[in-house]
Amino acid sequence: MNSKEVEAVLTLQAFKRYEYFIKKSVDYEEVWGLYNDGWAMSKDDNGCPLVNFWPKKEFAQKCAVEEWKEYHAKKIDLYEFMNEWLPGMKSDGIKPSIFWNNVDSVVVDTERLKKDLDEELENY
């Protein structure tokens, strides 16, 4: 990806970035997180834990700043994400934060995210 494309996508509204995440994650069969002796996490407004995910390495790397400056982008296979990560996150009470851009993201239930990914896979 070129830097202009990265910047253009990062400026999209959160829901548009969510749609982009669904499409690109299915296209490339991967999801990206930030990792450094554990995955980058944040909290929602109620203090509930979130794990952050991006559709491409370049977007994750753009968010490796401040408290995540020592983190690096790490790839997760899409099917492992859907079949292992999401059920595990649900049982641990952790929600996915999709496509943080250092301003906002979409926080979604694990079931909704899996449903959206499944629907995109059916259309692929």
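Only one of (1) assigned to a loop (DSSP other than H, G, I, E, B); (2) open to solvent by 30 Å² or more (accessible area, probe 1.4 Å) is not met by Ala64, so which one is it?
It is condition (2) that Ala64 fails.
Give me the pairs, please: first residue somewhere in the range 94-115 and at negative phi, second residue anywhere and open to solvent by 60 Å² or more (accessible area, probe 1.4 Å) and assigned to a helix (DSSP H, G or I), beta-carbon distance under 7 Å, and either six or more positions apart or on two chains.
From the range 94-115, the pairs are Val106/Phe15; Thr110/Lys90.
Return the residues of the range 76-93 that are open to solvent by less than 60 Å² (accessible area, probe 1.4 Å), within 16 Å of Asp27 (Cα to Cα) and in contact (Cβ under 8 Å) with a residue 40 or more places away in the chain; say none if nothing qualifies. I'd like the intermediate steps shown before the answer.
Looking only at the range 76-93, we keep the residues that are open to solvent by less than 60 Å² (accessible area, probe 1.4 Å), and these are 76, 78, 81-82, 85-86, 88-89, 93.
Filter once more, keeping what is within 16 Å of Asp27 (Cα to Cα): 76, 78, 81-82.
The answer is Ile76, Leu78, Phe81.
For residues in the range 28-44 being of a type in the set (D, E, K, R) and in contact with a strand residue (DSSP E or B) (Cβ under 9 Å, 6 or more places away or on another chain), which is most open to solvent (accessible area, probe 1.4 Å)?
Step one: filter the range 28-44 for residues of a type in the set (D, E, K, R), giving 29-30, 37, 43-44.
After this cut, where a residue has to be in contact with a strand residue (DSSP E or B) (Cβ under 9 Å, 6 or more places away or on another chain) as well, the list is 29-30, 43-44.
On the way: Glu29: 88, Glu30: 29, Lys43: 148, Asp44: 39 Å².
Per the criteria, the residue is Lys43.
For the range 53-67, name all the residues that are under 15 Å from Phe99 (Cα atoms) and out of contact with any Pro (no Cβ under 8 Å at 6 or more places or on another chain). Steps first, answer last, please.
Pass one, the range 53-67, residues under 15 Å from Phe99 (Cα atoms): 53-65.
Answer for the range 53-67, where residues must be under 15 Å from Phe99 (Cα atoms) and out of contact with any Pro (no Cβ under 8 Å at 6 or more places or on another chain): Trp54, Pro55, Lys56, Lys57, Glu58, Phe59, Ala60, Gln61, Lys62, Cys63, Ala64, Val65.
Between Phe81, Phe53, which is part of a helix (DSSP H, G or I), at pLDDT 95 or above and either touching a Cys at 6+ places or on another chain (Cβ under 7 Å) or within 15 Å of Asp109 (Cα to Cα) (or both)?
Just one listed residue meets the conditions, Phe81.
Looking at (1) open to solvent by 60 Å² or more (accessible area, probe 1.4 Å); (2) in contact (Cβ under 8 Å) with a residue 40 or more places away in the chain, find the lone condition where Ala73 falls short.
Failed condition: (1).
Has the range 6-27 got any residue that is modelled with pLDDT of 95 or more, at positive phi and surrounded by fewer than 17 Cβ atoms within 10 Å (Cβ to Cβ)?
no
The values are calculated or read from the model by the stated rules, or taken from the named source; none is laboratory data. Predicted model, so just to flag it, every value in this text is computed and none were measured. As a convention, Cβ positions derive from the backbone with ideal geometry for all residues, glycine included, and neighbour counts pool all protein chains shown. All accessible areas refer to the heavy atoms of the entire protein, side chains included, with ligands and DNA or RNA removed. Shrake-Rupley method; radii C 1.70, N 1.55, O 1.52, S 1.80 Å.
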